[in-house]
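K.L.:
One structure is given below, represented as structure tokens, and several questions about it will come after.
Derivation of every value follows stated rules applied to the coordinates shown; laboratory data play no part. The structure displayed is predicted, hence computed values, not measured ones. Glycine gets a Cβ as well: all are built from the backbone with ideal geometry, and neighbour counts include every protein chain shown.
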Amino acid sequence: MSQNDAEILQTTQARVLAHCGQAGLFVHGQRVAAAVSGGADSMALLRMLLVLAEPLGITVTACHVNHRLRGPAADADEAFVRDQCARLEVELRVFRAGEEGLPLADGGEAGARNLRYACFERLRREGIDRVATAHTVTDQAETLLFRLARGTGLHGAGGIRPVRDFYVRPLLCLTRAEVEACCAAWGQSWVTDETNLSDAYARNRLRHDALPALRQANAGAERNLARFCEKAAQADAYFARAAAGLLDRAARVEPQDCPPAVRRVLESGGPVWRLEVLQQADPLILEAAAHALVAPHRDPEELYIRLLCQLVEKGTGAVQLRPGVRLRAGQGFFWQEDAPAPPASPLEAVPFCPEKQAEYPLGGGQWLCVRLSRHSFQEKTQVVHKKDLKNVADYARITMLHPALTLRSRLPGDLYRPAGRSVTKPLRKWMNEQAIPPQVRDSLPVLADGSEVVWVCGAGFAEGLAPHPGDDGLTLYLEIQTRKGEERGR
């Protein structure tokens, strides 16, 4: 190793060690798994953690997720990581999509990310204390630009946090160029994912065009953008603390001071705040408080933040956050109303075979009733109400595409493409968008083939399975209904 290489490594290792200490990434004695894809960033992460393991007081292992989306190239990346970890004498845990009960990635970025986090959760259950990912200053700059272009607030402008629950980012103090310089100094090779070279992805276009243009304007552009993220995250944390203090002061309410409807909420343990305290707050702190009230129930979109602030100012009315949850103002108080939540008991998974079984118990006195019938499209639409067509599907098409269906509750990694939509989404994200109450999500019946959900109770069949006017001949249709116990057989 040349003197220049040694100086590069000494300097960067000192910076990473300082960053880990300042951000509080690790606790002495923790088991840490480095997420290693085989790229330059992740190989530098692994090498850096191995060097710093002793001063950090941690034990380092590695994990690799083969998404199996790029055929032989993905298998070659896995083989490379296996070879490198064997050479470095590092314990390696490999996950492969579709194996060990893992879902298959759907080909999109969201599906691949969902798979990775399902794997990381397994590591947590297996005794790993932290998963380290290889995000860099360059990733931080790209994330900020992407979010600003899409539209974001102060929280989103904070970018990638150094620590988030189980996940830590030790390289968030180095640029991608510095990371590659470290690999070169170590003599460490890496692999390149060809999808990172394609301009088909918006983030890649930012990487290939926007960032180089900014570097031409200022060589320190990446670090300046990352520094802005740090300031935004600090400001976001400050406003979050101020908002918590505001809500705490406003919540100092005595039952005898409340009108009967508000008193019942307070005595049942529900949140109640004094409107006068909220109305006197700084508008920015009130917005942060509104964000805190919305976030547990739905994505905190700007619309709902604005509606809640207007509700506080007006002092009367209500804002519905999702079915069963609304925030109401009146008679000097602001409170949350909750509808009684049904028990969220996950369904026991059972094979779905409508040829042999026409009824399936769902719990709570509810049953799933199925029927097979042969009609033309015109005949079927004449006897089925339009709103119920979403629960009717071409059974021949289903059996051809999904020969082994299971009736169950949702599972991590589930994917769903709603009818009329061309985008497959994680079921979790779709439920968020539909504002389905969290307490009922685990009991909501779905039909699935592996991780691919083909029917969701209340939403109907996935795209491509519903009957359509082209079905001129007699077609075997599957019809699904949910009924109470006393309605079965009607």
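K.L.:
Once you've got the Cα coordinates, tell me which of LYS425/LYS484; LYS390/LYS484; LYS314/LYS425; LYS314/LYS429; LYS231/LYS425 are over 29 Å apart.
P.N.:
From LYS425/LYS484; LYS390/LYS484; LYS314/LYS425; LYS314/LYS429; LYS231/LYS425, over 29 Å: LYS425/LYS484; LYS314/LYS425; LYS314/LYS429; LYS231/LYS425.
K.L.:
Using the crude model of +1 on Lys and Arg Cβ and -1 on Asp and Glu Cβ, and no other charge, please compute the dipole size for the chain relative to its Cα centre, in debye to 20.
P.N.:
Computed about the Cα centre, the dipole is about 940 debye.
K.L.:
Which three extents, in whole angstrom, do the alpha-carbon atoms of the chain cover along their principal axes, largest first?
P.N.:
Principal extents (Cα only, largest first): 84, 64, 44 Å.
K.L.:
Any chance you could get the radius of gyration and Dmax over the Cα atoms of segment 109-184, in Å?
P.N.:
Answer for segment 109-184, Rg first and Dmax second: 14.2, 39 Å.
K.L.:
Count the DSSP beta bridges whose two residues both fall in the chain, then state the antiparallel fraction as a percent rounded to the nearest 5.
P.N.:
Once the DSSP bridges in the chain are tallied, antiparallel ones form about 75 percent.
K.L.:
Also: Take the eigenvalues of the Cα gyration tensor for segment 33-90, scale each by 5, and report the square roots as semi-axes in whole Å, largest first.
P.N.:
Semi-axes (√(5λ), whole Å): 23, 10, 9.
K.L.:
For all pairs of alpha-carbon atoms in segment 195-287, what percent lies in each bin of width 5 Å, listed from the first bin to the last filled one?
P.N.:
Pairs per bin, as whole percents: 3, 11, 13, 11, 10, 9, 7, 7, 7, 7, 7, 5, 2, 0.
K.L.:
What FRET efficiency would be calculated for the residue pair ARG241, ALA210, taking the C-beta separation as r and a Förster radius of 35 Å, to the nearest 0.05?
P.N.:
It comes out at approximately 0.55.
K.L.:
Along Cα→Cβ, 7 Å out, is where each label goes; now give me the distance between the ones at GLN310 and ASP165 in nm to one decimal.
P.N.:
Modelled inter-label distance: 3.3 nm.
K.L.:
Here is a follow-up. Can you tell me what the convex hull of the Cα atoms of segment 251-338 projects to on average, as an area in nm²?
P.N.:
Across all orientations, segment 251-338 yields a mean hull projection of 5.3 nm².
K.L.:
If R₀ is 41 angstrom, what is the calculated FRET efficiency for the pair SER373 and ALA295, using the beta carbon separation as r and rounding to 0.05?
P.N.:
0.35
K.L.:
So if I place +1 on the C-beta of Lys and Arg and -1 on the C-beta of Asp and Glu, and nothing else carries charge, what would the dipole magnitude of segment 72-212 be about its Cα centre? I want it in debye, nearest 20. Display every interim value, and only then the final one.
P.N.:
Details: 19 positive and 22 negative charges, 128 e Å.
Magnitude of the dipole: close to 620 debye.
K.L.:
Post the alpha-carbon centroid distance, segment 242-296 to segment 115-186, in whole angstrom.
P.N.:
Taking the Cα centre of each part, segment 242-296 and segment 115-186 sit 35 Å apart.
K.L.:
Another question, then. Ranked highest first by average number of other Cβ atoms within 10 Å, how do 142-149, 215-222 line up?
P.N.:
So the order, starting with the most tightly packed, is 142-149, 215-222.
K.L.:
Would you mind getting the Kirkwood hydrodynamic radius of segment 246-285 from its Cα pairs, rounded to one decimal in Å?
P.N.:
This gives a value of 10.7 Å.
K.L.:
Could you give log10 I(q)/I(0) at q = 0.20, 0.24 Å⁻¹ for segment 1-98, computed by the Debye formula over C-alpha point scatterers of equal weight, without solvent?
P.N.:
So the normalised log intensities are -1.02, -1.23.
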